[in-house]
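Below is one structure, written out as structure tokens; comments come after it.
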Amino acid sequence: AYALSAEAPDVSAAQIEAEKARVLAPLGRSREGIGWKEINYAIARIMQDYCGLHKNELTLTSGLRLLAELKQTELAAAFASNPHELGRLLECGALIDVGELVMQASLARRASSVYLDFYRLDYPEKDPADWRKLLPIRQTGDGVAVRDLSFHHHLETPNAPTYEENYRIHCGETA
């Protein structure tokens, strides 16, 4: 409903050209560098080793540092031989971003949880009462933002107290 009523956005030709140049740059790089398969393996290995079953503050911060280094060095110099490889290489960049958010979210949750199948070595107590909450996280220009929400925030003020009332308010019905 909003998209149908919204005005057309302003388009920046300079921004579009800069993004095209960034995205297509790997196609022009030397084939002697690193490809998407090696980067994809490195991402998986970092996530397994630093955000796997045995995680704590030290391993998570080390993992964040390694992902940042991978993005700034290998990913920035990687090549693509064809459009398929380019797509996979761009996917690797997105996987690094997601991996960073997962590690940031893991750092923000300072408690182990059976319900979430989430365990931290430095916080061995499982499901303490003060950590029975949601921690939505989002990427911002200068890092991440984390909010504390109760499990039932969607039924608390300013929302309606029942699912049906909330549905009626947000479903787009006019009646």
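The values are calculated or read from the model by the stated rules, or taken from the named source; none is laboratory data. Given the structure is predicted, the values throughout are model-derived calculations rather than measurements. Counting neighbours? That spans all protein chains shown, and the Cβs are built from the backbone with ideal geometry, glycine included. Note: areas computed on protein heavy atoms with side chains; ligands, DNA, RNA excluded. Shrake-Rupley method; radii C 1.70, N 1.55, O 1.52, S 1.80 Å.
Numbers below:
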| item | result |
| --- | --- |
| Whichever lysines have a C-alpha closer than 23 Å to that of LYS37, once near sequence neighbours (fewer than 8 apart) are set aside | LYS20, LYS71 |
| Dipole magnitude of the chain, debye to nearest 20 (Cβ charges: Lys/Arg +1, Asp/Glu -1, about Cα centre) | 460 |
| Pair GLN48, ALA129: separation of 7 Å Cα→Cβ label points (nm) | 4.2 |
| VAL146 versus ALA14: modelled label distance in nm, points set 7 Å from Cα along the beta carbon direction | 3.7 |
| ARG29-ALA76 pseudo-label distance in nm [points 7 Å out on the Cα-to-Cβ vector] | 1.1 |
| Accessible surface of the stretch 10-78 [probe 1.4 Å, protein heavy atoms]: carbon and sulfur percent | 58 |
| Whole-percent carbon and sulfur share, accessible surface of the stretch 87-154, 1.4 Å | 56 |
| Selection of GluC sites (Glu not before Pro), the stretch 15-107, meeting DSSP coil and at most 12 other Cβ within 10 Å | GLU32 |
| Solvent-accessible area per residue for the chain (1.4 angstrom probe, square angstrom) | 68 |
| Excluding exposed DSSP-loop chymotrypsin sites (Phe, Trp or Tyr not before Pro) (at most 12 other C-beta within 10 Å), longest clean stretch of the chain | 1-114 |
| Cleavage-rule hits (trypsin sites (Lys or Arg not before Pro)) in the stretch 8-103: DSSP loop, at most 16 neighbouring Cβ within 10 angstrom | ARG29, ARG31 |
| Hypothetical label at LEU90: residues of the stretch 1-42 whose amide nitrogen lies under 12 Å (7 Å Cα-Cβ projection) | 19-27 |
| Of all DSSP beta bridges in the chain, antiparallel share, percent nearest 5 | 80 |
| Other-chain or far-sequence residues with amide H under 5 Å of PHE118's (modelled H) | SER113 |
